[in-house]
Amino acid sequence: MHSCCRTRLKAMSSPSWSLRTALSIAGSRSPSSTPSSPTNASLLLCRRSWNADQIHLVTIPDGLGPGEDRNDFVLQIEAMLKFMPGFLETLIEDTNKESENKITCFIADASIAWSFEVAEKMGVRLGAFWPANAGTLATMLSIPKLIKEGIIGEDGTAKRREMIKLSPGMPAMSTAHFAWNCFGDSKTEEVVFNYTVRNNQALEFAEHIICNSIYELEQPVFTYAPNILPVGPLLTGQRSGKLIGHFWPEDATCTTWLDQQPANSVVYVAFGSFTIFNQRQFQELADGLEIAGRPFLWVVRPGLTDGETDALPHGFRDKVEGRGRMVGWCPQQKVLAHPSIACFISHCGWNSTMEGVRNGVPFLCWPYFADQFLNQSYISDIWRTGLALAPDDSGIVSSKEIKSKVEELLANDEFRGRAMALKEMANKSVKKGGSSFENFNSFVDAMKEF
Ligand SMILES: O=c1ccn([C@@H]2O[C@H](COP(=O)(O)OP(=O)(O)O[C@H]3O[C@H](CO)[C@@H](O)[C@H](O)[C@H]3O)[C@@H](O)[C@H]2O)c(=O)[nH]1
């Protein structure tokens, strides 16, 4: 018999999207965009209880050599599947040999389900964690159904561009936005699709799949896919006040700047870890913030644009002096909780979405890829806590569109009202008796049983 307080092995990643999660574990981010990105996979060894000094981060190699392109998805997937299972097996064996507390439970990101094939041999409890919305995972797990119904071919390509629903109550989604179809080149999409199919099979080893969502937020999805257990919102860094999992240094002074702004006045602008703008779009956004005429806090992350430098429009800094603040990275959760924040212009990454929900903040949605389109639908069509920014015919979100949507959003208190109602629901869900609280406890109890 193993006891619950024996050593547990938990595979973790930074909060990031699906396959990219797996790849960022494998050190995929480009050195230019992530100055301190790891070159090896990260596994978290957690002993006895959840205590910061009892967490041991270790790495295993991703199989790519120095100089090999970690932005090449095909190369990364091939190397990951070829090399990482062996390294993981050795790590687990060595850990078990060295410690009298044997590993009894293994939790990994659902997008690196190959790791379950390794851990399953050890006869431990297996649990998967999904960091994005549950609807996207349900779609990925429905690939056989999508093929059977003729929505996609055997190779994952959508037969038609159309809106579909997995079941009548589920949110509508575009076939153009399937997670495996968003890379822009057919070779990568084929490899990612095959990886997803293989990943789905390996995921069957997991006894439970928990996800960073809330039952009340995606109820139809949990009816359609009852094997996915929502335990969110999971917010990083709230508990210890220390950063876990981010690679860029935070500019903490921006909260002092926020203290000086009137309540409900600041437009917060941030696009997570992956979004890349071309120079024209970057300048249009700057112009939009300037003509919107409100205070703004804009996160211009290293690598946010595809240019050598982030070239701002001529005279921009002078024009927004005093009311506009740009930072490389900020403490986003603190920012969103600040009373000066009026709205959030966001790429709708799921973590940003959940953080906005938890703080009752209205959104302007500007999705970039994959699950972010479904997140936009939740925000603008289903929860109605925000508006979608519409690109023009050339695919650019114009400065006028930004100005007019900021005005429309902030002129209507109903957006804030609905966002506050979601905040209350999210807060209840993680308290005793709340849906996520109870789900999480059942998950822990199930994983303890031997
Ligand atoms: O200045 C900043 C900007 C962001 N963040 C944090 O960074 C995270 C960003 O996460 P998210 O909003 O999910 O965006 P991405 O990093 O782009 O996330 C990837 O992974 C998500 C799932 O984990 C997917 O939903 C997204 O589509 C995918 O791009 C959040 O926790 C933010 O609080 C900061 O701390 N400071």
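Worth pointing out:
- Reach of Lys428 by Cα under 14 Å, taken over aspartates and glutamates that are not fewer than 8 positions away in the same chain: Glu216, Glu438
- Share of carbon and sulfur in the accessible heavy-atom surface of region 58-202 [1.4 Å probe, %]: 52
- Taking every protein chain into account, the accessible area of region 202-357 amounts to 42 square angstrom per residue (probe 1.4 Å).
- Prolate/oblate/rounded call for region 273-408, Cα gyration tensor, a/c under 1.5 rounded: rounded
- For the listed peptides 384-394, 147-157, a ranking on the average number of other beta carbons within 10 Å per residue, highest first, reads 384-394, 147-157.
- Cβ charges +1 (Lys, Arg) and -1 (Asp, Glu), total dipole of region 68-168, debye: 660
- By the rule of a C-alpha distance below 15 Å, with chain neighbours fewer than 8 residues away ignored, the aspartates and glutamates paired with Lys97 are Glu89.
- For Glu98 and Leu75, the FRET efficiency from 1/(1 + (r/R0)^6), where r spans their Cβ atoms and R0 equals 30 Å, is about 0.35.
- Model label points for Arg198 and Ala337, set 7 angstrom from Cα along the Cα-to-Cβ axis, are 4.2 nm apart.
- Overall, region 302-342 carries a charge dipole of about 300 debye about its Cα centre when +1 sits on the Cβ of Lys and Arg and -1 on the Cβ of Asp and Glu, all other atoms neutral.
- Debye log10 I(q)/I(0) at q = 0.20 Å⁻¹ for region 132-258, Cα point scatterers: -1.16
- The candidates Tyr224, Tyr378, arranged from most to least accessible area with a 1.4 Å probe in the full protein assembly, appear as Tyr224, Tyr378.
- For region 163-322, convex hull of alpha carbons as volume per residue, Å³: 208
- Note that region 216-228 has calculated 3J(HN,Hα) couplings of 5, 7, 10, 3, x, 5, 6, 6, 6, 10, x, 6, 9 Hz, one per residue in order, obtained from phi through the Karplus relation 6.51 cos²θ - 1.76 cosθ + 1.60 (θ = phi - 60°); glycine and proline are x.
- Largest accessible area first, the listed residues Phe183, Phe440 line up as Phe440, Phe183 when surface is computed with a 1.4 Å probe on the assembled protein chains.
- Derived scalar couplings ³J(HN,Hα) [region 322-339; Karplus, 6.51 cos²θ - 1.76 cosθ + 1.60; whole Hz; x for Gly, Pro]: x, 10, x, 10, 10, 9, x, 6, 9, x, 4, 5, 5, 4, 5, 7, 7, x
The values are calculated or read from the model by the stated rules, or taken from the named source; none is laboratory data. Just so we're clear, the structure is a prediction, and the values are computed from it rather than from any experiment. We place every Cβ from the backbone using ideal geometry, glycine too, and count neighbours over all the protein chains shown. Quick note on the areas: whole protein, heavy atoms, side chains included, nothing else; ligands and nucleic acids left out. Shrake-Rupley method; radii C 1.70, N 1.55, O 1.52, S 1.80 Å.
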